[in-house]
Amino acid sequence: MKATPLLLALLFSLPVPLAAQAPKPAEEKKKLKKLDDILTWSKAKQTYDEGLKAFHQAKGEEAIAKFTESLSHIEKYTDARMARGRTYYEMHRYEPALEDFTRVVAEQPDQASGHYYRGLALWNLKRPEEALKALDTAIQKQPRTYAYHESRAMLLESMKQQARALADYDMMVALHPLQPSNIERRAKLLRGLGRNEEADEEERQADQLREAGF
């Protein structure tokens, strides 16, 4: 039977089976990139986890190597950079620790712990004014963290700013009101400020707490 123009038009309008369709290069490239990204993140996460394990086993050099390898896969893997900075810090290698913490706060400026550890590194590098600014920022972002106030109080005392340190001791007592050592530390500061009656009362409170079993 001879094909009519109408029949030919119908034949050519039928959809081509999926198996016969050639894949679009752009779609294939996108799929390959997604797969490559998944594999890269997997490698970065694996070495990061291995670094954490080494860190908790006090294997500092191994932990640093693993975190560095993780960052070689994902340069902006901020958790790995923070962990490497912590490792450097615990090993008293404050310069590279500061470099990592500075990068951390640049990448995640709202992460209070990055500012806190950056402040500690600066303090150990004998840069107290910069350290104080970093600790101020950490407390602004996370105002009810005991360790932040404790570190800032100690730094302020070392800078002979006892009056300002008192505000941090007040917060420490507010956060842990049944901890006698906090009250005693505040009493000592009050006595140094010449506020002896208040210091005496604080010491009595601390003694009473200890007698009560706290």
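With 18 Å as the limit, write out which pairs from Lys160/Lys188; Lys43/Lys76; Lys43/Lys66; Lys126/Lys160; Lys45/Lys76; Lys66/Lys126 have Cα-Cα distances beyond it, or answer none.
Too far apart for the 18 Å limit: Lys66/Lys126.
Scalar couplings 3J(HN,Hα) for the range 133-141, obtained by applying the Karplus form with A = 6.51, B = -1.76, C = 1.60 to θ = phi - 60°, are 4, 5, 5, 4, 5, 4, 6, 4, 7 Hz; x denotes Gly and Pro.
Amide H contacts of Ile74: none lie under 5 Å away among residues 5 or more positions distant or on a separate chain (H built 1.01 Å from N in the peptide plane; Pro and chain starts excluded). In this label model, Lys133 and Arg210 are separated by 4.2 nm, measuring between points 7 Å along each Cα→Cβ vector. For the range 105-207, carbon and sulfur atoms together expose 49% of the accessible surface, with a 1.4 angstrom probe and every protein chain in place.
Using a ≥ b ≥ c from the Cα gyration tensor of the range 129-210 (square roots of the eigenvalues), is it rounded, prolate or oblate, where a/c under 1.5 gives rounded and otherwise the larger of a/b and b/c decides, a/b for prolate? Verdict is oblate for the range 129-210.
Within a Cβ distance under 13 Å of Glu211, other residues only, what is the Lys/Arg minus Asp/Glu net charge?
Details: positive: Arg204, Arg210; negative: Glu203, Asp207.
With Lys, Arg at +1 and Asp, Glu at -1, the net is 0.
Under 15 Å from the Cβ of Thr78, count the other residues' Cβ atoms, weight Lys and Arg +1, Asp and Glu -1, and hand me the total.
Details: positive: Lys45, Lys76, Arg81, Arg84, Arg86, Arg103, Arg118; negative: Glu75, Asp79, Glu99, Asp100, Glu107, Asp110.
Spelling it out: positives minus negatives among the neighbours equals +1.
Normalising by the residue count of the range 78-127, find the relative contact order in percent from Cα pairs under 8 Å and 6+ residues apart. All intermediate terms of the calculation are to be shown ahead of the outcome.
Working: 48 pairs, mean separation 18.6, N = 50.
Dividing the mean separation by the residue count of the range 78-127 yields 37 percent.
Quote to one decimal, in nm, the extra length available between Ala147 and His56 on full extension: 0.36 nm per residue of separation minus the C-alpha distance between them. Show your work: numbers first, answer last.
On the way: separation 91, 0.36 × 91 = 32.76 nm, distance 2.04 nm.
So the extension gain works out to 30.7 nm.
Taking θ as phi - 60° and the Karplus parameters 6.51, -1.76 and 1.60, the scalar couplings of the range 160-172 work out to 6, 10, 4, 4, 6, 4, 4, 4, 6, 5, 4, 5, 4 Hz in sequence order, x denoting glycine and proline.
Between Trp41 and Leu175, what's the calculated FRET efficiency when r is the beta-carbon distance and R0 is 35 Å? Round to 0.05. Can you show the working numbers first?
Details: r = 38 Å, r/R0 = 1.08.
E between Trp41 and Leu175, to the nearest 0.05, is 0.40.
Rounded if a/c is under 1.5, else prolate if a/b beats b/c, else oblate: with a ≥ b ≥ c from the C-alpha gyration tensor eigenvalues square-rooted, which is the range 55-214?
Numbers: a/c = 2.74, a/b = 2.16, b/c = 1.27.
Prolate, because a/c is 1.5 or more and a/b exceeds b/c.
The values are calculated or read from the model by the stated rules, or taken from the named source; none is laboratory data. Please read these numbers as outputs of a predicted model, since none were measured by experiment. Glycine gets a Cβ as well: all are built from the backbone with ideal geometry, and neighbour counts include every protein chain shown. Protein only, heavy atoms only, side chains kept; ligands, DNA and RNA dropped before computing areas. Shrake-Rupley method; radii C 1.70, N 1.55, O 1.52, S 1.80 Å.
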